[in-house]
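Asks: Can you read through this structure? Questions will come right after.
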Amino acid sequence: MGSIRILMLGGTGEARNLAQALADRGHSVLLSLAGRTENPAAQPVPTRIGGFGGAEGLANFLREHAFDLLIDATHPFAARISRNAEEACSKVGIVALSLRRPQWIEQAGDRWTHVETAAQAITRLGTTPRRVFLAIGRQEAHVAEAAPQHFYLVRSVDPVDPPLCLPDMQCLLDRGPFDMERERTLLESNGIDVVVAKNSGGAATYGKIEAARRLGLHVIMIARAQATAMRTVTTVGAALDAIDHLFPPEMKRGV
Ligand SMILES: NC(=O)c1ccc[n+]([C@@H]2O[C@H](COP(=O)([O-])OP(=O)(O)OC[C@H]3O[C@@H](n4cnc5c(N)ncnc54)[C@H](OP(=O)(O)O)[C@@H]3O)[C@@H](O)[C@H]2O)c1
């Protein structure tokens, strides 16, 4: 049976799982990573690492390697690569699919303040010193320097670079998934009274949100940027169904 040639933009657990499922079905998948983490997780398919050089570079890459399909399975907060992917696919006329986990929804007992950006989240902490769990990754952690009166517990996969210039902070290097009980212990042992988080969605990092709810803590929740115009699915199973629909078996066999 023939297979379709897929370029998958990854950097998430969902991308890894979908890549595995597609490889199991005999498709040729090249997984693209930005190269942000020093020790990226092992992947089940061939990978390439590094930027393409904007939408134009990505369009050229798609043409040169004659891909049939692009899957954008990047993190919901990786807005630039998603915009580039949309633009490149419409330029080249290639089929595109976005795999995006649903965002978290506020539940009874949650005490969320909604903001649009990481900088706004820091402003909303206020002027009175607080003990903050900053769980927004290392790329935007520097926004905290605008409010040095707070204590920050900063968690990231790799060290924040350049190091944060803050008088009262602790850095924690760790990679999810994080379960609720562990998160609760972390929040309690550090005397945290507010969590700053991105609305990433998914189970792997939801533990801190659940733990904050149980402890009655305030969460400053950073919203996602605008949704993509690409056809979007929310689960690996739905992505496989959509691909079967887009490339029916007789088409894949070239019948
Ligand atoms: N942002 C987050 O909170 C977050 C969290 C977890 C994982 N990630 C993952 O980390 C990666 C980088 O995130 P970001 O927020 O820095 O992205 P971004 O701001 O949307 O992208 C910045 C640039 O990085 C390159 N790039 C991003 N993702 C790429 C990929 N999968 N393959 C090849 N090049 C890529 C592109 O460079 P060129 O323009 O040169 O092509 C892009 O223009 C993403 O792949 C994402 O899935 C991000």
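Asks: Let me have the relative contact order for the stretch 10-118, percent, based on Cα pairs under 8 Å that are six or more residues apart. Let's see the in-between values first.
Replies: Working: 112 pairs, mean separation 26.2, N = 109.
Worked out over the stretch 10-118, it gives 24 percent.
Asks: Now for a separate question. Can you give the local net charge around residue 187? Use residues other than it whose beta-carbon is closer than 15 angstrom to its beta-carbon, Lys and Arg +1, Asp and Glu -1. Kindly include the intermediate steps, with their values, before the conclusion.
Replies: Working: positive: 111, 130, 131, 155, 182, 184, 208, 213, 214; negative: 110, 174, 179, 181, 183, 188, 193, 210.
Residues close to residue 187 contribute a combined charge of +1.
Asks: How many times 2.2 N^0.38 Å is the alpha carbon radius of gyration of the stretch 9-151?
Replies: Details: Rg = 18.7 Å, N = 143, 2.2 N^0.38 = 14.5 Å.
In units of the globular-protein estimate, the stretch 9-151 measures up at 1.29.
Asks: Next up: Counting other beta carbons within 10 Å of each Cβ, put 91, 198 in order, fewest first. Walk me through the numbers on the way to the answer.
Replies: On the way: 91 15, 198 21.
Going from least to most buried by this count: 91, 198.
Asks: Can you give me the long-range amide H partners of residue 157? Hydrogens built in the peptide plane at 1.01 Å from N, cutoff under 5 Å, separation of 5 or more residues or another chain.
Replies: Result for residue 157 returns 138, 174.
Asks: Next question. With springs only between Cα atoms under 10 Å, which of 219, 92, 115 fluctuates most in a Gaussian network model of the chain?
Replies: Checking each option, the largest mean-square fluctuation is seen for 92.
Asks: Follow-up. Report the net charge of residues surrounding residue 95, where surrounding means a beta-carbon distance below 9 angstrom and charges are Lys +1, Arg +1, Asp -1, Glu -1.
Replies: Working: positive: 231; negative: 68.
Local net charge: 0.
Asks: Excluding residue 110 itself, what net charge comes from residues whose Cβ is under 14 Å from its Cβ, given Lys and Arg +1 and Asp and Glu -1? Before the final figure, lay out each step's value.
Replies: Values: positive: 111, 208, 213, 214; negative: 106, 210.
So the environment of residue 110 carries a net charge of +2.
Asks: Taking the stretch 111-222, how much of its Cα-Cα pair set, in percent, is spaced more than 25 angstrom apart? Kindly include the intermediate steps, with their values, before the conclusion.
Replies: Numbers: 631 of 6216 pairs.
Cα-Cα pairs in the stretch 111-222 separated by more than 25 Å: 10 percent.
Asks: Follow-up. Report, in debye and to the nearest 20, how large the dipole of the stretch 111-222 comes out about its Cα centre when Lys and Arg carry +1 and Asp and Glu carry -1 on their Cβ. Working shown, then result.
Replies: Numbers: 13 positive and 13 negative charges, 62 e Å.
Around 300 debye, computed over the stretch 111-222.
Asks: Could you calculate the contour length gain from residue 108 to residue 146, that is, 0.36 nm times the residue separation minus the distance between their Cα atoms, to one decimal place in nm? Before the final figure, lay out each step's value.
Replies: Working: separation 38, 0.36 × 38 = 13.68 nm, distance 3.18 nm.
The residue 108-residue 146 span can extend by a further 10.5 nm.
Asks: From the helices alone, meaning DSSP H stretches of at least four residues, give me the mean residue ellipticity at 222 nm for the chain, per-run term -39500 (n - 2.57), in deg cm²/dmol to the nearest 500.
Replies: Here the helix-only value at 222 nm equals -8500 deg cm²/dmol.
Asks: So what is the diffusion coefficient of the chain in µm² per second by Stokes-Einstein at 37 °C and 0.692 mPa s, using a Kirkwood Rh over Cα pairs? The partial results should precede the final answer.
Replies: Details: Rh = 19.7 Å.
Calculated translational D: 167 µm²/s.
Asks: Hey, can you grab everything whose amide H is under 5 Å from the amide H of residue 112? Only 5+ residues off in sequence or another chain; H modelled, so Pro and N-termini drop out.
Replies: The answer is 219.
Asks: Give the relative contact order (percent, whole number) for the chain; include only Cα pairs under 8 Å separated by 6+ residues. Spell out each step's value before the answer.
Replies: On the way: 462 pairs, mean separation 53.8, N = 255.
Across the chain, relative contact order equals 21 percent.
Asks: Here is a follow-up. Please return the longest stretch of the chain lacking exposed loop sites, where GluC sites (Glu not before Pro) count only if DSSP places them in a loop and at most 13 other Cβ atoms lie within 10 Å.
Replies: On the way: sites that count: 38, 116.
Longest gap between qualifying sites, sites excluded: 117-255.
Read-outs throughout are calculated quantities, based only on the coordinates presented, and are distinct from any laboratory measurement. Keep in mind that what you see is a predicted model, and the values were worked out from it rather than measured. Heads up, the Cβs are rebuilt from the backbone with ideal geometry, glycines too, and the neighbour counts pull from every protein chain shown.
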